[in-house]
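> What follows is a structure written as structure tokens; I'll ask about it next.
The values are calculated or read from the model by the stated rules, or taken from the named source; none is laboratory data. Source: prediction; values computed, not measured. Heads up, the Cβs are rebuilt from the backbone with ideal geometry, glycines too, and the neighbour counts pull from every protein chain shown. Quick note on the areas: whole protein, heavy atoms, side chains included, nothing else; ligands and nucleic acids left out. Shrake-Rupley method; radii C 1.70, N 1.55, O 1.52, S 1.80 Å.
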Amino acid sequence: AWAQVVVCASGVARITAGHSTYLVPAWRAVWIPPHIEHLVTVVEAAELRTLYVHQAAGPAWQGCRVLEVSALLRELVLQMDVAMDGGGPMSAAALERERRLGELALDELRRAAPVRLGVDLPQDKRLRTLCEAVLRDPSRHATLEGWARETAASPRTVARLFRQQLDTSFGPWRQQVLLAHALRLAAQGRPMGLIAAELGYASPSAFSAMVRRAVGQPPSRFFATA
């Protein structure tokens, strides 16, 4: 009956929940509704903090979503960790402090802006293998034809599976993968020009145009908290 808010405090984690996966860099979070089976994979040495929110108290969001973690929410998460440190019985004053911190964290959580990050995953085993390979190294091939050769399937078959399984084409799906990896690289302090080159873009301006189309924000704003 408890939702989870998985907050990445450092590094990068991959959260797979339901039929989607999310690459989460430092100070982004993933909301996971109650009763959703999920898997957490550490991509780069990561420190995670998890808030558990009872379904009667938290937001009524039905699906998973990536959230921006404000400076206030970040400090609340850290202070709640300090308040519970020690593992022994908590004093009445400590319990009251935790209650106040929790109420404010819930209020800040409801205000948290969603981030359009998340990559849908298919059920078909052949397509799932291809999608996992793209997630590991999205710039190895720039076209569907290149990826299709690795699965010993024709590009037409793979394109059909994308439409049937994910209700999209390969291009927009791969764009979401590239965006997630770009956020991870930005969290490492890479300059925008190097990120664009590493992800296979001919120029930083082409990469910036992709980011604007995908999230409706310029890269300078989207990557600022990273």
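> Quick check: at a probe of 1.4 Å, how many percent of the accessible area of the chain sits on carbon and sulfur atoms?
Details: 6060 of 11640 Å².
The C+S portion of the solvent-accessible surface of the chain is 52 percent.
> Using only Cα atoms, tell me the angle between helix 71-83 and the longest principal axis of the chain; keep it within 0 to 90° and round to the nearest 10.
50 degrees
> Note down, for the range 167-225, the three equivalent ellipsoid semi-axes (square root of 5 times each alpha carbon gyration tensor eigenvalue), biggest first, whole angstrom. Please report the intermediate quantities before stating the final value.
Numbers: eigenvalues 63, 31, 25 Å².
Listed largest to smallest, the semi-axes of the range 167-225 are 18, 12, 11 Å.
> Could you pull the Rg and Dmax for the range 4-90, using just the Cα atoms, both in Å?
13.2, 40
> From the helices alone, meaning DSSP H stretches of at least four residues, give me the mean residue ellipticity at 222 nm for the chain, per-run term -39500 (n - 2.57), in deg cm²/dmol to the nearest 500.
Working: 9 runs with 105 residues, N = 226.
One gets -14500 deg cm²/dmol as the mean residue ellipticity at 222 nm.
> On to the next question. Between helix 155-166 and the chain, what is the angle of the helix's C-alpha long axis to the longest principal axis, kept within 0 to 90° and rounded to the nearest 10?
Value to nearest ten degrees: 30.
> Using only alpha carbon pairs under 8 Å that are at least six residues apart, calculate the relative contact order of the range 1-122 and give it in whole percent.
On the way: 218 pairs, mean separation 36.2, N = 122.
Answer for the range 1-122 is 30 percent.
> With charges only on Cβ, +1 for K and R and -1 for D and E, what is the dipole size of the chain about its Cα centre, in debye, rounded to 20?
Working: 26 positive and 20 negative charges, 172 e Å.
So the magnitude is around 820 debye.
> Counting other C-beta atoms within 10 Å, and keeping those with at most 16, which DSSP coil trypsin sites (Lys or Arg not before Pro) do you find in the range 128-226?
Details: sites: Arg128, Arg136, Arg140, Arg149, Arg156, Arg160, Arg163, Arg174, Arg184, Arg212, Arg213, Arg221; in loops: Arg140.
Answer by residue number: Arg140.
> Leaving out ligands and nucleic acids, note down the accessible area per residue over the chain with a 1.4 angstrom probe, in whole Å². Kindly include the intermediate steps, with their values, before the conclusion.
Details: 11640 Å² over 226 residues.
Dividing the accessible area of the chain by its residue count gives 51 Å².
> How compact and how long is the chain, expressed as Rg and Dmax of its alpha-carbon atoms in Å?
Expressed in Å, the Cα Rg and Dmax of the chain come to 19.3, 66.
> Just to confirm the filter: which GluC sites (Glu not before Pro) across the range 2-100 are DSSP coil and have at most 14 other Cβ within 10 angstrom of their Cβ?
Working: sites: Glu37, Glu44, Glu47, Glu68, Glu75, Glu96, Glu98; in loops: Glu37.
Here the sparse-neighbourhood loop sites are Glu37.
> Sticking with this one: Show log10 I(q)/I(0) for the range 52-116 at q = 0.17, 0.29 Å⁻¹, two decimals, from a solvent-free Debye sum over equal Cα scatterers.
-0.67, -1.32
> While we're here: Relative contact order for the chain: what is it in percent, counting Cα pairs under 8 Å that are at least 6 residues apart?
Working: 330 pairs, mean separation 40.7, N = 226.
This gives 18 percent for the chain.
> Using the eigenvalues of the Cα gyration tensor, what equivalent ellipsoid semi-axes result for the range 134-212 when each is taken as the square root of five times the eigenvalue, whole Å, largest first?
On the way: eigenvalues 130, 31, 24 Å².
In descending order the semi-axes read 25, 12, 11 Å.
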